[in-house]
Amino acid sequence: MHHFTYLNDSMFCEEVAVAEIAREVGTPFYLYSTATLTQHFKAFDSAFADIPHITCFAAKACSNIAILRLFGSLGGGTDIVSGGELFRARSAGVDPKRIVYSGVGKTAEEIRYALETGILMFNAESEQELNLIQAVAAEMNVMAPVSFRVNPDVDPKTHAYISTGLAKNKFGIPIESAIEVYRLAKQMANIEVVGVSCHIGSQLTQVAPFVESLAKVKLFIGMLKDAGITIAYLDLGGGLGIQYKDEEPPHPEAYGQAIKKELAGLDCTLILEPGRVIVGNAGVLITKVLYTKEGKKKFIIVDAGMNDLARPSLYDAHHSIQAVTNPGREKVVADVVGPICETGDFLAREKQVPAAVSDDLLAVMSAGAYGFSMSSNYNSRPRVAEVLVKHDQFHVIRAREEYETLIQGEMIPDFLKER
Ligand code: LLP
C-alpha cells in the first residue's frame, strides 16, 4: 500500500501532483510520502503492540534527519552503524535510549561518541571489539551496555550480497562459541551485558528463516541463563522484504505473529531494526528523459544514474518504472540508462517500460530504501534533492547539492600553486 496514485492520468504523491514538484525543484529527486511512511511504521510497530518492544528504524535504509525524526515522533528509535548515523539520529532528536549501535567495525572514536550520548546498547560482533569497548568505557569511567550479535548459520534465501546470517558471512560471533565471549564480558569492570542480537539478512520473503534463527537464539539464551547470565533485550535485527515486482513477502502482522509465537516464555524487551519494509515503497526516484536512441536496442537516457540509485547496477535489482503522466501509454522493451560513463549504469535493463520521449518524467518505484542513502558523487554529479509530501504540501528535506559542494574540503597544495 502506498500513496503514489494517478488522478486524471497524472501521478500524485498524496495530494500533490508529481509534475508540479518537478517543475519547482527540478529533476532528479527522491520523493517520499509521509502518509505511507507513517502507515508502514505503524503497521510494523503495532504487530508487536502486545509485548514490550522498541522499533529502531535502520537508518542506513534512508537516513535523512526528517525521516528519522518522523519515526522518533511515532515512538520509534534508530538502529545505527556508524558515528555519522549517530550524529544524524541525534540531529533528528531521537531519544538516545532508543538508539542501538550495530556493525562489525566500530572505531574507538565512534564508541566514545556513543558512550557520551548514552545509547541503549552496542551490538558487539567480536571479542576484540568487546576489549575496545571495555578500554574506552574504563577511560571514560562509565559502564557500557553491550549485547552480542550471534551468527546462527541460517540461510535467509536472499541475494548473496545481503545475506548476513550464514557462517561464511563476516557478521556476528558463531552461536556455538558465543557463550565464551559472554563469560568474558561478565568479568569486565565497565561492561554491562544487556542482550543478544541477531540479523540474518535483508529482503527476506519468507518467515521460516526468521523463525529458524529465533529458535536457535532462544536455545542460546537458555544456555546463558544456565550460566547465570540473564538478558534484558533480544534484538532480532531487520530484514523483512517488500514487493518490488512479484515477490510475496509476509505482511508485518504475520511476521509479528510468527515471531511472538516462537518467543513465548522469554522475558525480555524485543528490539526490531526494520529498514526496507518501512521506507522501500514509501519513496520513488523521479527522473526526466533526456534522449532516446535506437540501434540494435532501444535506450531511454534519463538524468538519474547509478550514482543516484545503485541497486540495479549493484544487485541487478528490479525497480518498476512508471510514466508520471499518461500511464496508459504504450510499453516498449528498453534499457533505461543514466548519464554515467559505464555500461553498468542502468536503472532498468531489457524491461517493459513506458514508451517515453525527451522531457517525459519517469518514476522509479520502490526506491525509498537504500536509494538516496547509497547515492554518491560519482562522475562529479551533485547529489539530488529529497522531497517529503504531507497531504497537499511538499517540503524539500535535502537541497540538491551545488557544484561548490563537490569540492568542499578539497585543497590545492602550495607547490601546485606556483607555476
Ligand atoms: N539491522 C542490521 C544489523 C542490518 O545490517 C540491516 C541491513 C538492517 C537492520 C535493516 O535491514 P532491512 O530491514 O532494511 O532489510 N543495500 C542493500 C541492503 C543492505 C542491508 C544491510 N543491512 C539493498 O539495497 O538491498
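How many residues does region 370-410 contain that are under 22 Å from residue 4 (Cβ atoms) and polar (S, T, N, Q)?
3
Does residue 78 meet the test of being free of Cβ contacts under 8 Å to residues at least 24 places away in the same chain and either crowded, with 16+ Cβ neighbours inside 10 Å or within 15 Å of the ligand (Cβ to nearest atom) (or both)?
yes
May I ask you to list pairs of residues, at least six apart or on different chains, whose Cβ atoms are under 8 Å apart, with the first in region 142-163 being over 30 Å from residue 118 (Cα atoms) and β-branched (Val, Ile, Thr) and the second being away from the ligand (no atom under 12 Å from the Cβ) and at pLDDT 85 or above?
154/209; 154/212; 154/213; 154/216
Which ranges mark the helices (runs of 4 or more DSSP H) fully within region 1-106 that have 2 or more residues being charged (D, E, K, R)?
Values: elements: 18-25, 34-46, 65-73, 83-91.
Qualifying helices (runs of 4 or more DSSP H): 18-25, 34-46, 83-91.
In the set 172, 165, which member is buried (at least 20 other Cβ atoms within 10 Å of the Cβ), at positive phi and modelled with pLDDT under 95? Talk me through it step by step, then tell me what you get.
Working: 165 fails: at positive phi.
After ruling out the rest, the residue left standing is 172.
Tell me which residues, restricted to region 152-190, are among the aromatic types (Phe, Trp, Tyr) and in contact with a Lys or Arg (Cβ under 7 Å, 6 or more places away or on another chain). I'd like the intermediate steps shown before the answer.
Taking region 152-190 first, the residues among the aromatic types (Phe, Trp, Tyr) are 161, 171, 182.
Within region 152-190, just 171 meets the criteria.
Restricting to region 298-315, and then to whatever is among the aliphatic types (A, V, I, L, M) and in a loop (DSSP other than H, G, I, E, B), can you tell me which residue is nearest to the ligand (Cβ to nearest atom)? Break it down stepwise before answering.
Initially, region 298-315 is screened for residues among the aliphatic types (A, V, I, L, M), giving 300-302, 304, 306, 309-310, 314.
Okay, now just the ones that are also in a loop (DSSP other than H, G, I, E, B), so 304, 306, 309-310.
Working: 304: 16, 306: 13, 309: 10, 310: 8 Å.
Here the answer is 310.
What is the one condition in (1) crowded, with 19+ Cβ neighbours inside 10 Å; (2) out of contact with any Leu (no Cβ under 6 Å at 6 or more places or on another chain); (3) under 30 Å from residue 5 (Cβ atoms) that residue 241 does not satisfy?
Result: residue 241 fails condition (2) only.
Exactly one condition in (1) loosely packed, with under 13 Cβ neighbours inside 10 Å; (2) among the hydroxyl-bearing types (Ser, Thr, Tyr); (3) more than 16 Å from the ligand (Cβ to nearest atom) is false for residue 376; which is it?
(3)
Looking for something crowded, with 19+ Cβ neighbours inside 10 Å, away from the ligand (no atom under 15 Å from the Cβ) and touching a residue at least 60 places away in the same chain (Cβ under 8 Å) - is there at least one such residue anywhere in region 35-50?
First, the residues of region 35-50 that are crowded, with 19+ Cβ neighbours inside 10 Å: 36-37, 40-41, 44-45, 47-48.
If we keep only those that are away from the ligand (no atom under 15 Å from the Cβ) too, we end up with 36.
Retained after the next criterion (residues that are touching a residue at least 60 places away in the same chain (Cβ under 8 Å)): 36.
Checked against the condition, which is being crowded, with 19+ Cβ neighbours inside 10 Å, away from the ligand (no atom under 15 Å from the Cβ) and touching a residue at least 60 places away in the same chain (Cβ under 8 Å), region 35-50 yields at least one hit.
When you go through (1) under 21 Å from residue 4 (Cβ atoms); (2) within 23 Å of the chain's Cα centre (by Cα) one by one for residue 353, which number turns out not to apply?
(2)
Of (1) more than 19 Å from the chain's Cα centre (by Cα); (2) within 15 Å of the ligand (Cβ to nearest atom); (3) more than 23 Å from residue 272 (Cβ to Cβ), residue 139 satisfies all except one. Which?
That leaves (2) as the condition not met.
Of all residues in region 292-322, which are among the small types (Gly, Ala, Ser), surrounded by 15 or more Cβ atoms within 10 Å (Cβ to Cβ) and over 14 Å from residue 366 (Cα atoms)? Reasoning before the result, please.
If we filter region 292-322 for residues that are among the small types (Gly, Ala, Ser), which is where we start, we get 295, 304-305, 310, 313, 317, 320.
If we keep only those that are surrounded by 15 or more Cβ atoms within 10 Å (Cβ to Cβ) too, we end up with 304-305, 310, 313, 317, 320.
Result: 304, 305, 313.
If you go through region 13-21 one residue at a time, do you hit one that is more than 16 Å from the ligand (Cβ to nearest atom) and not assigned by TED's automatic domain parsing to the domain that holds residue 326? Walk me through how you get there before you give the answer.
Step one: of region 13-21, the residues more than 16 Å from the ligand (Cβ to nearest atom) are 13-21.
Narrowing further to those that are not assigned by TED's automatic domain parsing to the domain that holds residue 326: none.
Within region 13-21, none of the residues are more than 16 Å from the ligand (Cβ to nearest atom) and not assigned by TED's automatic domain parsing to the domain that holds residue 326.
The values are calculated or read from the model by the stated rules, or taken from the named source; none is laboratory data. These numbers come from a predicted model, not from an experiment. Cβ: placed from backbone, ideal geometry, glycine included. Neighbour counts: every protein chain shown.
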